[in-house]
Structure formats: structure tokens, C-alpha cells
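In what follows, a structure is listed as C-alpha cells, so that the remarks can point back to it.
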Amino acid sequence: MSPAELLARNALRFPERRFLLTAEGAITYAQARESVARIAGGLAERGVSKGDVVAMLMHNSRDNVLCSLAASWLGATPAPINTGLIGDGLLHPLRLTGARIVIADAVLLANILAVAADAPELARVVVRGEVPDVIGRGVEFETLTEMSASGGVPRVEAADLDPGMILFTSGTTGPSKACVLSNRYLLRQAELHVKYLELCETDVLYSPFPLYHIDAATLTVLAAATIGATAAIGARFSASRFWQEVRDFGATVFNFMGATLTILWKQPPSELDRSHGMRMAWGVPMPEWSDGWKERFGFELRELYGLTDAGVVAYDRVGAGHRPGSCGQVIDEFEVAITDEGGSLVRPGEVGEIVVRPREPGLTMTEYLGMPAETLKVFAGLWLHTGDLGHLDQDGYLYFHGRRKESIRRRGENISTFEVEQAISDHPAVLEVAAIGVPSELGEEDLMVFVVTRPGASLDAPGLIAYCRSRMAEFMVPRFVSFIQEMPKTPTQKVEKYRLRQMGLSSGAWDREMVGEKEEMRYAR
């Protein structure tokens, strides 16, 4: 079964139930089915068929969800792309998927035009909004409204293990990878989320995070559809609007990630703190003050462990009692083990790499699209290697100790240090660059770069930040910049990042978030 088939079944079982809430209002399951079939008809008339990839560069909206389901309706594969990507960062997923058609918000069209000439497969851009007077390299443009004007088409049957979606994760030692997720992965992950969080049909599941993330796309929209509940998708996370949006949507469960809880917790207490219908929130990481959260806001927080590649494999189960420091217990549908650097299993309590395998088919990703060597590597020894460090206790509780990967998680976004370093190294004044994560006062990490300039070259921190902003998404732009004379290296000329981490902010790093307070630059202490 595919997500589109799930929608079609729900439209027959409870047509008048609300399926989706967004800033545009509510839409029922029956209305969603009609719209999806109509969009699918337009895609089919333009040559999209089973097995094709439909790339999507769209902010959160009703149309975003409907277009993804329309691709599924045809047996095609939706591939939502991070809307913050520009330049080579955007070109990479377009080339990797080989998508002939992209559905994009009008405000993001310029980013596509900038790279269209280097994406040879791209032939058509469907624009959500007005199409400006543009000239593209053999690329046709039309509006989503125009494309959706035709009649609907019958749904194409899709097998459980057929590709259901492509989601991009941040690379660790190379460019971002495209996880091919089967229909079974999408729907079973949604079902398991419902099972272990004990969600019900009267719930309104709210997520303010992008639909190119698993949290919103699968664990909110599809989890709601699994039980005929309602998904509520916010435009973006905003501390000032969060609780009002929760009340407006009538949300009962929400998803937190990264620094979002800390930001909400640090807001001044209000008499409205308990003026909501929320009964539970889930996500990572669990703060030390979770008991204080429940006392203040009136509902509990639940932790889990998962990643797009592997799915969610451990839950802090309802009624089981939280074990401090753990992500919860490994669920029945997965095996999780901890291995040392040689791949051997370690004893309970010992720290090593978290490896995963399902007890039923299709619960992890199928492959990294176009990266066969990386796919073989991640599935080495018949385990999916997460690249994360952790340990298990005797009772099957999983404890997360950090990421072995060269990846930084900043305010809900995974950032590839490789991609940051590649972009900065192109600056004519930069000789060498290394990026690391440093602790953030909001939880997770902030991005810091160490730079060695070329002899005789002139470069300051504001100039480097301006350069970064012209070449990468805002969430990838470093917060801290430190200029050093020489990179610490191993005998094999690899940068010793552990030594950079030891230096950290004590190296006299420039902090771009402090610059706005006074006209002169401030330096971290």
C-alpha cells in the first residue's frame, strides 16, 4: 500500500473528517483525495508515470502535502528538497534524482533558474504562485493552478517495497545522501509511531518543521492518516506564535526538535501557559528540566531515537516510566546492537556505534540513491550502521552519546561539515578551513570554522560570513569564526579536529550573533 492508497481508503471510510490543517485552513479526507487526483492528472498529462521522480522545492503548505500525494497517486516518487539550498547545494539533489519536473514555490524560482543550465534532465518547472517573465534553458514553466485544471486519473497500484519517497540527509564525509524510502517504510513507521505513542483518531498532530524532514512528512502527516486523525502543519517554528498556533489548530500532540523546547522554556511564564489542549509532545533531545516542563505546561514530554536512514527504533513508551538519560526502549520490530570499531558486539553498558536491523522487511531505507558504495558500507555485516555512539543497558534501554559522523545538528537542521568546508575553501583568500560543532546555549550545537588564510591575503570574519551567505543556506552559515596560523594535523595530513574542539571558543572566536548589539565587533570569551 502507498500513501496515496491510504488517503483513498480514508476518503471512503470517513470522508468528512479533517485530514489536514494549515494556514490556508482545513481540508477533509474527501477533499484531499479529489485535489490529489486532479494534480496527479496534470502530472500524468505532462509525462509523469510510475517510477519517475517528482522533485519539490516548497515551503510548508497544503499544496506541498497534496503534491507529494499526487506523485504517490501515479506510482512516482516525491523528492522534497530543503528550501534553504542554493547553488551547488541545490544542484546536487536535482542531478542525483534526475528529476524532469520540479514543483516549486514562486519565491524559490530564482534559485532553480540559477542552476537549471547545469541540470540537464530538468525540463519543466510547475510554479506555486505567479510565473514571472523568465527565460530558461529549454525549461517550460506553468502554474500549479494551470496544471491542476484537468480531470483526475485512476490511482496507479504500487507495491509495498516500491519507492515511496526520497528524503535527503546531510552527508558526513561527502555530499548529502538521498535516502530511498519504500511505501512500506513510510506507512509502517507511521503505524509504529501511533502504536508506541498511543495516538488516537481524535488527536490533532502538530509539527512546525519542514515537510522535507521525516518528522513532519511521515511521523505527523502519515501518522495522522494511519488512524484517520488530523495533521496540523505550521509554516515554520516561531516562539512568539507557537502557543497561539497550537490553540488555533486545537493541537493535542506536537513534535519538538533541537532547541525548540529550550526557546519555549525560556519565554516568560504566562497565565496562558496551560491554555491549550496539548496532552503530549515527542522528540529529541530530552531536557534535564522535563519535570519542570510538565509542572508549568501541564503535559509530558516523550523521547525517542531514530534517523531517516533507519527509522525510529526506540521509544520512551507511554506508561513505562522514563529512565533518565535514555532515549527509551528498543521496540519489538527492531534489533539494536552496539559495536566497537572492529564491528564486534560489545557488552551492555559499553559505548560504541549504534547499529540497527529490522525484524520485518522495509522498515529501514532501501538505498542511498546513486551511491552504491555508500549503500554497501552503511549495511555492512547485515546491520545498518548509524554512525552514532551509544550504549544499551540490560533492559534494552538505549542511551545516545553523540555522533561519530562529521555532521552538526543546529536548531533542527543537520549540517554537513564537508559541504561547509568545500564552500569556504573556494574563497580565494582561504588556504585551509575546518568546521566543528560547539555547544550552544539553546541545546544541540552551533557551527564554528577555523580558517588559515593564504600568505599575503586579507580576509576578516564579516567578509567571510558575507561570502558564505552568497553560497549556502542560512542555517549552514557559521556562527563562530577563528583565524589561526596553522591547522593541527596527523602525520597523514588529516586535520585533528579533536584539537580544534579543545581550542573551541577560547581561540578568540568572532561571534556573528553578538555583532548586532554594538557597532564594533565582539569576540567570544
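The values are calculated or read from the model by the stated rules, or taken from the named source; none is laboratory data. Everything numeric in this text was worked out from a predicted model, so none of it was measured. Please note: Cβ atoms are built from the backbone with ideal geometry, for glycine as well, and neighbour counts cover all protein chains shown.
Can you run down the residue pairs with Cβ atoms below 6 Å, 6 or more apart or on separate chains, where the first is in segment 320-344 and touching a residue at least 60 places away in the same chain (Cβ under 8 Å) and among the β-branched types (Val, Ile, Thr) and the partner is surrounded by fewer than 20 Cβ atoms within 10 Å (Cβ to Cβ) and part of a loop (DSSP other than H, G, I, E, B)?
These pairs meet every condition: VAL330/GLY396.
So how many residues does segment 248-265 have that are farther than 20 Å from ARG62 by Cα and part of a strand (DSSP E or B)?
Result for segment 248-265: 2.
Would you tally the residues in segment 276-308 being farther than 26 Å from ASP388 by Cα and of a type outside the set (Gly, Ala, Ser)?
Number of matching residues: 12.
Which one of these is under 24 Å from GLY402 (Cα atoms) and at pLDDT 95 or above: TRP265, TRP282?
TRP282 is the lone residue from the list that is under 24 Å from GLY402 (Cα atoms) and at pLDDT 95 or above.
Quick check on my filter: what residues within segment 89-121 are of a type in the set (A, V, I, L, M), at pLDDT 95 or above and assigned to a loop (DSSP other than H, G, I, E, B)?
Passing the criteria: only ALA99.
Being within 30 Å of GLN394 (Cβ to Cβ), surrounded by 15 or more Cβ atoms within 10 Å (Cβ to Cβ) and either in contact with a helix residue (DSSP H, G or I) (Cβ under 9 Å, 6 or more places away or on another chain) or not assigned by TED's automatic domain parsing to the domain that holds GLY443 (or both), is that true of even one residue in segment 265-276?
No, because not a single residue in segment 265-276 is within 30 Å of GLN394 (Cβ to Cβ), surrounded by 15 or more Cβ atoms within 10 Å (Cβ to Cβ) and either in contact with a helix residue (DSSP H, G or I) (Cβ under 9 Å, 6 or more places away or on another chain) or not assigned by TED's automatic domain parsing to the domain that holds GLY443 (or both).
Look at ALA149 and say whether it is buried (at least 24 other Cβ atoms within 10 Å of the Cβ) and of a type in the set (A, V, I, L, M, F, W, C).
no
Please go through segment 55-88 and pick out each residue that is of a type outside the set (S, T, N, Q), in contact with a Leu (Cβ under 7 Å, 6 or more places away or on another chain) and not in a helix (DSSP H, G or I).
ALA55, LEU57, LEU74, PRO80, ILE81
Inside segment 139-234, counting only helices (runs of 4 or more DSSP H) that do not spill past its ends, which hold 3 or more residues that are touching a helix residue (DSSP H, G or I) at 6+ places or on another chain (Cβ under 7 Å)?
Ranges flagged: 183-197, 223-226.
Among the residues that make up segment 237-247, is at least one of them touching a residue at least 60 places away in the same chain (Cβ under 8 Å) and not in a loop (DSSP other than H, G, I, E, B)?
Within segment 237-247, none of the residues are touching a residue at least 60 places away in the same chain (Cβ under 8 Å) and not in a loop (DSSP other than H, G, I, E, B).
Being in contact (Cβ under 8 Å) with a residue 40 or more places away in the chain and surrounded by fewer than 23 Cβ atoms within 10 Å (Cβ to Cβ): is that true of GLY250 here?
The answer is yes for GLY250.
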